[in-house]
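The values are calculated or read from the model by the stated rules, or taken from the named source; none is laboratory data. Source: prediction; values computed, not measured. Virtual Cβ from ideal backbone geometry, glycine too; neighbours counted across all protein chains shown.
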Amino acid sequence: MVRRLVSRHMKDIWPDITGMRVMGYGYAVPYLRTLSERTERNFAVMPAGRGVHHWPEGEPNRVCLSNENELPIETESVDRILMVHALEHAESPPELLHEMWRVLKSNGRLLMVVPSRMGLWARADWTPFGHGTPYSARQINHYLHDCLFTHEHSEKALYMPPYRSFFMLRAAYSFENVGRFVFPGLAGLHLIEAGKQVYSSAGHKQGVKGRRYLVGQTVPTP
């Protein structure tokens, strides 16, 4: 149910990504499934400290493992970046966002799904959104500004309380439609879209220099 609700907001923010190259970072795999039919290519990068698994099932793998400040991706090669279960678990959010800036094309877009500090989902530790550091919208925008991103659009999602009762699941769409007007501050997630600033990149950190290899690639002996 959470995947369906959040995916609906994603489609509103990105109504047409036909022919684009999409990268998911963190644990964005459940949401990449809904985008796969329209993209030129999509793949996922998972943080080294949290592990990795094969995806998609029954098909050639499109997932790799990477440090957050050393993505094995070419500079300015991705049209869209979807970050889920990422910022709240980052060891250094600025370094992670700098690396996202590096791999994103000049006209690309970044979409972050981040637990809200005011929402109930950040307090439910039995859910994936109950772990890590939740953020306010102002804190996220501060990081984006410092890392040379421009705020483009914001949405809130998950007004349904984090309970697994049959009633809550049946009423999930009603909570989502009414919550934004009745109790907007209690949304569980922020969905924030940002664009890449290219006119003021002086002094921007381009990531840690060094060799980078895709998972499964043989590393040559020095």
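Scan segment 105-149 residue by residue and report those that are under 16 Å from the mean Cα position of the chain (by Cα), of a type in the set (Phe, Trp, Tyr) and part of a helix (DSSP H, G or I).
PHE129, TYR143
Out of the residues in segment 78-104 that are assigned to a strand (DSSP E or B) and in contact with a Ser or Thr (Cβ under 9 Å, 6 or more places away or on another chain), which is surrounded by the fewest Cβ atoms within 10 Å (Cβ to Cβ)?
Among those that are assigned to a strand (DSSP E or B) and in contact with a Ser or Thr (Cβ under 9 Å, 6 or more places away or on another chain), it is ASP79.
Exactly one of these conditions fails for GLY19: (1) free of Cβ contacts under 8 Å to residues at least 60 places away in the same chain; (2) part of a helix (DSSP H, G or I); (3) surrounded by fewer than 15 Cβ atoms within 10 Å (Cβ to Cβ). Give me its number.
Every listed condition holds for GLY19 apart from (2).
Give segment 107-132 a look and list any residue that's in contact with a Lys or Arg (Cβ under 9 Å, 6 or more places away or on another chain) and touching a residue at least 40 places away in the same chain (Cβ under 8 Å), or say none.
Across segment 107-132, the qualifying residues are ASN107, GLY108, ARG109, LEU110, LEU111, SER116, GLY119.
Any residue at all in segment 56-73 that is of a type in the set (Asp, Glu) and either modelled with pLDDT of 95 or more or under 21 Å from HIS131 (Cβ atoms) (or both)? Quick ask: steps written out before the conclusion?
Step one: of segment 56-73, the residues of a type in the set (Asp, Glu) are 57, 59, 68, 70.
Restricting the remaining residues to those that are either modelled with pLDDT of 95 or more or under 21 Å from HIS131 (Cβ atoms) (or both) gives 68.
Among the residues of segment 56-73, at least one is of a type in the set (Asp, Glu) and either modelled with pLDDT of 95 or more or under 21 Å from HIS131 (Cβ atoms) (or both), which makes the answer yes.
With (1) of a type outside the set (Phe, Trp, Tyr); (2) free of Cβ contacts under 8 Å to residues at least 60 places away in the same chain; (3) under 19 Å from LEU191 (Cα atoms); (4) exposed (fewer than 15 other Cβ atoms within 10 Å of the Cβ) as the list, and MET1 as the residue in question, which single condition is left unmet?
In the conditions (1) of a type outside the set (Phe, Trp, Tyr); (2) free of Cβ contacts under 8 Å to residues at least 60 places away in the same chain; (3) under 19 Å from LEU191 (Cα atoms); (4) exposed (fewer than 15 other Cβ atoms within 10 Å of the Cβ), MET1 misses (2) alone.
Considering segment 64-104 alone, what residues qualify as being more than 16 Å from CYS147 (Cβ to Cβ), of a type outside the set (Ser, Thr, Tyr) and over 15 Å from the mean Cα position of the chain (by Cα)?
Passing the criteria: CYS64, LEU65, ASN67, GLU70, PRO72, ILE73, GLU74.
Of everything in segment 150-189, what is part of a loop (DSSP other than H, G, I, E, B), of a type in the set (Gly, Ala, Ser) and over 22 Å from LEU111 (Cβ atoms)? Give them in sequence order. Explain how you work it out, then say what you get.
First, the residues of segment 150-189 that are part of a loop (DSSP other than H, G, I, E, B): 158-165, 171, 183, 187-188.
Within this subset, residues satisfying the condition of being of a type in the set (Gly, Ala, Ser) are 165, 171, 187-188.
The answer is SER165, ALA171.
Residue check, GLY49 against (1) surrounded by fewer than 14 Cβ atoms within 10 Å (Cβ to Cβ); (2) free of Cβ contacts under 8 Å to residues at least 40 places away in the same chain; (3) of a type outside the set (Ser, Thr, Tyr), all met but one. Which one?
Unmet condition: (2).
Could you give me the residue pairs with C-beta distances under 7 Å whose first residue belongs to segment 77-96 and is farther than 30 Å from THR18 by Cβ, whose second residue is among the charged types (D, E, K, R) and not in a strand (DSSP E or B) wherever it lies, and which are 6+ apart or on separate chains?
As it stands, the answer is HIS89/ARG50; ALA90/GLU68; GLU91/GLU68; PRO94/ASP146; GLU95/GLU68, since those pairs meet every condition given.
Being under 17 Å from VAL6 (Cα atoms), out of contact with any Pro (no Cβ under 7 Å at 6 or more places or on another chain) and buried (at least 20 other Cβ atoms within 10 Å of the Cβ) narrows it down to one residue among LEU111, LEU71; which is it?
Matching residue, one of LEU111, LEU71: LEU111.
Could you check segment 164-179 and list, in sequence order, the residues that are within 17 Å of ARG3 (Cβ to Cβ), without any contact (Cβ under 8 Å) to a residue 40 or more places away in the chain and among the hydroxyl-bearing types (Ser, Thr, Tyr)?
none
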